[in-house]
Amino acid sequence: MPWCTSSTVAPQGSLKGRLTIVDELTGKRYQVPVSEDGTFKSVDLKKITTGKDDKGLKLYDPGYLNTAPVRSSISYINGYEGIMRYHGYPIEDLAESSTSIESHGSLRFWDHTTCWL
């Protein structure tokens, strides 16, 4: 599926493991699981707290400059190259060749066995 590939080169081998974070305020050490592609879930940082009433560390990423996207076999977005695809079809083609009702319907009820373009 060419629309599901990334334009960046993945590192060789798995990056799966654990990241150790040391809180310099409390001296506590935390282990965060890292996936094969070198990412971790931001929700795993919630365990880093200053005490009982603290809801945990939050991430702030203005502009989503360091936020990993969700993997999807339905859509593909590459902001660097200006590519947006839905089920392999360029978004601009879908927008130009269908009404808003058709576009909405295709987003909700996509039939993988037929193509309406």
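The values are calculated or read from the model by the stated rules, or taken from the named source; none is laboratory data. Because the structure is a prediction, the values reported are computed rather than measured. Cβ coordinates were reconstructed from backbone atoms using ideal geometry, including for glycine residues, and neighbour counts include every protein chain displayed.
Just a few scattered comments:
- Scope the stretch 49-100; condition assigned to a helix (DSSP H, G or I), under 30 Å from LYS28 (Cα atoms) and hydroxyl-bearing (Ser, Thr, Tyr); matching residues: TYR64
- Filter pass, VAL43 being within 17 Å of the chain's Cα centre (by Cα) and surrounded by 10 or more Cβ atoms within 10 Å (Cβ to Cβ): no
- The number of residues in the stretch 16-48 that are closer than 20 Å to ALA68 by Cα and assigned to a loop (DSSP other than H, G, I, E, B) comes to 8.
- Among residues of the stretch 29-57 that are within 30 Å of GLY13 (Cα to Cα), those with a beta-carbon under 7 Å from a residue that is among the small types (Gly, Ala, Ser) at least six positions away or on a different chain give the pairs VAL34/GLY17; GLU36/SER14; ASP37/ALA10; THR39/ALA68; LEU45/GLY56; LYS46/GLY56; LYS47/GLY56; ILE48/GLY56.
- Here ASN66 passes the criteria (1) free of Cβ contacts under 8 Å to residues at least 12 places away in the same chain; (2) of a type outside the set (Val, Ile, Thr); (3) at positive phi except the one numbered (3).
- Within the stretch 52-94, tally of residues that are small (Gly, Ala, Ser) and either surrounded by 13 or more Cβ atoms within 10 Å (Cβ to Cβ) or under 24 Å from PRO33 (Cβ atoms) (or both): 6
- Condition met for GLY13 (exposed (fewer than 10 other Cβ atoms within 10 Å of the Cβ), part of a loop (DSSP other than H, G, I, E, B), modelled with pLDDT of 85 or more and at positive phi): no
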